[in-house]
Amino acid sequence: MKQTIHFKLNGEPVQIEAEPNLTLIQVLREKLELTGTKEGCGLGECGACTVLINGKAVNSCIFPVMETDGKNVITIEGLADVDGNLHPIQRSFVENGAVQCGFCTPGMVLSAKALLDETPKPTEEEIRNAIAGNLCRCTGYLQIIQAIKEASKKI
Amino acid sequence: MKKFDYLKPHTLEEALSLLSQYGDKARLIAGGTDAIVMNKQKKISPDVLISLQGIQGLDQIESNGTFKIGALVTHRTIEQSERIKKRFPLLAEASSVLGSVQIRNVATLGGNLCTASPSAETAPSLLVYEAEVLLVSRMEERRLSLPSFFLGPGETALDKKEILKEIILPSPPPNSLGAYLKLGRRKSVDLSVVNVAVLLTLDPKTGICERARIALGAVAPTPLRAKETEKILEGNLLDERLIIRAGDWAKQECSPITDIRGSAEYRREMVAVLVAKAIKQSVKLPRK
């Protein structure tokens, strides 16, 4: 039986009816048509599906949608401002060549955002630790680390 | 994924009564990083998931008097908790290397124990601290030591009508030093090939080891204490020869299997290496 849940998505309140066995990513992509969040492994190992829930990075592919009730969810669509200007982290990824095929990028950017919100001036070790759960199959890790470092100087 | 209902009780009493109402058809879910994955992989197929996330207080750490960690405290909270880092550093260390930030933000201490993986990240540290778990049912509460809680891979003493409410940690003796070491194929998002925790209490004057606690993970059906190895250390001065001997003894106390992460032989050898290394690291002897 479908259940109704309410949560805040990228700053806007949403109300949806969903089957209780769905994961958050299914609802984001299939019901709300926000396809910026990517599904990689589907098992919480690759981090492509990373979103922020109450400011914390979470794998949306194994997160029961029912647990988002009353929470604050941020996806990659929520980062640019209303005029479409990229968030400083996104701009830094572009400027530092940190985007190759792009599949890991939304997750990487959100892991970076969770880190910088908590630790505005992270060490390289802290950056590496923050994205240890995000796989980049293009293996462009050094540019990604560089992009996060540069972004930390601008925020 | 198979369809299931999702119930979110607000009190422990309500959760317990739902548990008896649905019996075998229900399964408890805390962070869900194991439960949802197992469901996707069809290893479990509950009709009802009973979430513990709506119950107040289960995500609290209590440090006045007896130190208690609620079952729903996440590994991220543990890794960042000043109280835990100060009093139970080996647990903070174990939680800090579990999965990834994304997993640690959601996965819980109680969940890690109830999944009862032989390689459970936090088990060796909790074993050397002699932690206990508080299990509650509608009728009673009982406290179990971890060795009596773990029964086998994925199997615990938790009855179908019980919920693990909290983890109780007695204070280790003063002057206790320890180390937690994890050997994995990669640093993050993988299970341990072997994990080892060591907690030693030395006489500050003589340097003699008064008390030793050693626990091994991923090398037997359950995480376990290496009690014979502990005895070898107790009452003695920890020199190079004794430390090597302790490692060799620990090898005999485990019963590893061969799987995709490593062979039984390799695991056994690594137990010796890691136990010796963890002892040296605890007492700050130079590594050789």
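Here are some notes:
- Among the residues making up the range B:135-167, a single one is surrounded by fewer than 18 Cβ atoms within 10 Å (Cβ to Cβ), among the aliphatic types (A, V, I, L, M) and in contact (Cβ under 8 Å) with a residue 40 or more places away in the chain: B:Leu151.
- Applying the criterion of at least 1 residues that are touching a helix residue (DSSP H, G or I) at 6+ places or on another chain (Cβ under 8 Å), among the aliphatic types (A, V, I, L, M) and closer than 22 Å to B:Arg143 by Cα to the strands (runs of 3 or more DSSP E) found wholly in the range B:1-70 leaves B:26-29, B:67-70.
- The single residue among A:Ile62, A:Ile5 that is β-branched (Val, Ile, Thr) and crowded, with 23+ Cβ neighbours inside 10 Å turns out to be A:Ile62.
- Qualifying residues in the range A:61-94 (those that are polar (S, T, N, Q) and either assigned to a strand (DSSP E or B) or over 9 Å from the mean Cα position of the chain (by Cα) (or both)) - the one nearest to the other protein chains (Cβ to nearest Cβ): A:Thr68
- Count of the range B:74-108 residues, restricted to those that are within 14 Å of another protein chain (Cβ to nearest Cβ), under 25 Å from B:Ser51 (Cα atoms) and in a helix (DSSP H, G or I), is 11.
- Pick from the range A:119-141, criterion without any contact (Cβ under 8 Å) to a residue 24 or more places away in the chain and not hydrophobic (A, V, I, L, M, F, W, C), ranking: nearest to the other protein chains (Cβ to nearest Cβ): A:Asn129
- In this entry, B:Glu210 passes the filter for residues that are more than 21 Å from B:Glu155 (Cα to Cα), touching a residue at least 12 places away in the same chain (Cβ under 8 Å), in contact with a Ser or Thr (Cβ under 6 Å, 6 or more places away or on another chain) and outside the structural domain of B:Thr156 (by TED's automatic domain parsing).
- Leading residue by the ranking (farthest from the other protein chains (Cβ to nearest Cβ)) among those in the range A:20-51 that are over 19 Å from B:Lys3 (Cβ atoms) and buried (at least 24 other Cβ atoms within 10 Å of the Cβ): A:Leu28
- If you filter the range B:91-123 down to residues that are over 12 Å from the mean Cα position of the chain (by Cα) and of a type in the set (A, V, I, L, M, F, W, C), you find that the one that is farthest from A:Asn59 (Cα to Cα) is B:Val97.
The values are calculated or read from the model by the stated rules, or taken from the named source; none is laboratory data. Everything numeric here is computed off the predicted structure, so don't read it as measured data. Counting neighbours? That spans all protein chains shown, and the Cβs are built from the backbone with ideal geometry, glycine included.
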